[in-house]
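Here's the structure, in C-alpha cells; my notes come after.
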Amino acid sequence: MGAPPAGRCHHVGVRILLVEDEALIARALREALEAEGYVVDHADRGDDGLWQATENSYDGIILDIMLPGLNGYKVCRQLRQAGNFTPIMMLTAKDGEFDQAEGLDLGADDYMTKPFSLTVLQARLRAMLRRGPSERPAVMTAGDLVLDPGARTCIRAEHEIDLTPREFSLLRYLLHRLDEPVSKRDLLEHVWADDDADVNVVQVYVGYLRRKIDEPFGCQSIETVRGYGYRLVRSGGVPDSGRDGSSGGKGDG
Ligand code: CA
C-alpha cells in the first residue's frame with residue numbers, strides 16, 4: 001500500500017465493498033465514496049459480492065437487494081452464517097420491497113431506500129462504520145442442537161431447521177435456561193412480553209417446536225414439567241422412555 005493520495009479526507013484506507021447491479025447508481029456511489037477517500041470494490045452480482053466479501057476484508061458493505069446471481073438477503077445471511085460480521089447497509093428500490101424487520105433480522109446493520117441522497121447515505125455509512133462490526137451473540141447448544149442467534153439458524157444433527165421468529169425466541173429462552181424447569185408464565189413473559197396473553201399459547205408453540213426440533217430426529221428434548229411448564233434437556237431426551245404424553249390438549253389453540 002502506498003501513501004494515501006494528498007488532499008483526500010480521513011476515510012483513506014477504509015475499504016468498502018459495493019454490491020449493486022444498476023450501473024448508474026454503482027458509478028455515482030463509487031465516485032462519491034472515492035471522492036471521500038474510501039477504497040471501493042464493486043461487484044454487480046450477488047454471488048460475486050459474496051465471493052469478494054469472503055476473500056477480502058472490508059470495513060463495510062453496501063448491498064443492494066435485487067441482484068442477479070444471489071439476492072442481497074441471501075448474501076447477508078450467508079456472510080453472517082459464515083461468521084462474517086462486517087457492517088452491512090442494504091439498499092432497496094422502494095418502500096415495501098424491503099421488509100425492514102426481515103433485513104435487520106438477517107443481520108443487516110442499516111438500510112437506505114432508493115432514491116437516496118448521497119449526503120445522507122454518506123452520513124449513515126460513517127455512523128455505521130463508527131459502530132463497527134456488531135458483536136456476535138454466543139452460539140447456544142444442547143447436545144446436537146445448535147442455535148446461532150447471530151446467524152439466526154437452528155441446526156440439529158447437521159440439518160438446518162426453519163423456525164418462525166416466535167419459535168426461535170422460545171427455543172432461545174429455553175436454551176438460556178437449559179436443564180431448568182421453566183414455568184409457562186415465565187415463558188409468556190419473556191417470549192411474548194404480554195401479560196394478558198393466554199398461557200395456552202405457550203403450549204401450542206411448544207408443540208410446534210417439538211414437531212420441528214424433536215420429532216423428526218427421534219428426540220424428546222423439551223420435557224413437560226407437569227403443572228408447571230417445560231424443561232429443555234441437554235441430552236436431547238431418552239428415546240426409549242416413551243412419550244410422556246402429558247395432557248395433549250392443543251385443543252382449540
Ligand atoms: Ca438491483
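The values are calculated or read from the model by the stated rules, or taken from the named source; none is laboratory data. The structure displayed is predicted, hence computed values, not measured ones. Glycine gets a Cβ as well: all are built from the backbone with ideal geometry, and neighbour counts include every protein chain shown.
Need pairs with beta-carbon distance below 8 Å; first residue assigned to a loop (DSSP other than H, G, I, E, B) and within the range 65-89, second of a type in the set (V, I, T) and away from the ligand (no atom under 14 Å from the Cβ); sequence gap 6+ or separate chains.
Short answer, once both residue conditions are applied: A82/T54; N84/T54; T86/I61; P87/I61.
Residue by residue through the range 63-74, note down the ones that are crowded, with 24+ Cβ neighbours inside 10 Å and more than 12 Å from the ligand (Cβ to nearest atom).
none
Among the numbered conditions (1) surrounded by 13 or more Cβ atoms within 10 Å (Cβ to Cβ); (2) farther than 25 Å from S235 by Cα, tell me where T153 comes up short.
The number of the failed condition is (2).
Looking at the range 100-126, which of the residues that are away from the ligand (no atom under 16 Å from the Cβ) and part of a loop (DSSP other than H, G, I, E, B) is modelled with the lowest pLDDT?
Step by step, filter the range 100-126, then rank; the result is L106.
For the range 136-155, give me the residue count where each residue is without any contact (Cβ under 8 Å) to a residue 24 or more places away in the chain and farther than 20 Å from S221 by Cα.
Counting residues in the range 136-155 that are without any contact (Cβ under 8 Å) to a residue 24 or more places away in the chain and farther than 20 Å from S221 by Cα gives 2.
Looking only at the range 110-140, how many residues end up being in contact with a Gly (Cβ under 7 Å, 6 or more places away or on another chain) and of a type in the set (K, R)?
1
When you scan the range 25-35, how many residues do you find that are surrounded by fewer than 18 Cβ atoms within 10 Å (Cβ to Cβ) and either away from the ligand (no atom under 11 Å from the Cβ) or not assigned by TED's automatic domain parsing to the domain that holds S117 (or both)?
Of the residues in the range 25-35, 6 are surrounded by fewer than 18 Cβ atoms within 10 Å (Cβ to Cβ) and either away from the ligand (no atom under 11 Å from the Cβ) or not assigned by TED's automatic domain parsing to the domain that holds S117 (or both).
Any residue at all in the range 198-215 that's surrounded by 17 or more Cβ atoms within 10 Å (Cβ to Cβ), of a type in the set (V, I, T) and in contact with a strand residue (DSSP E or B) (Cβ under 7 Å, 6 or more places away or on another chain)?
Yes, the conditions are met somewhere in the range 198-215.
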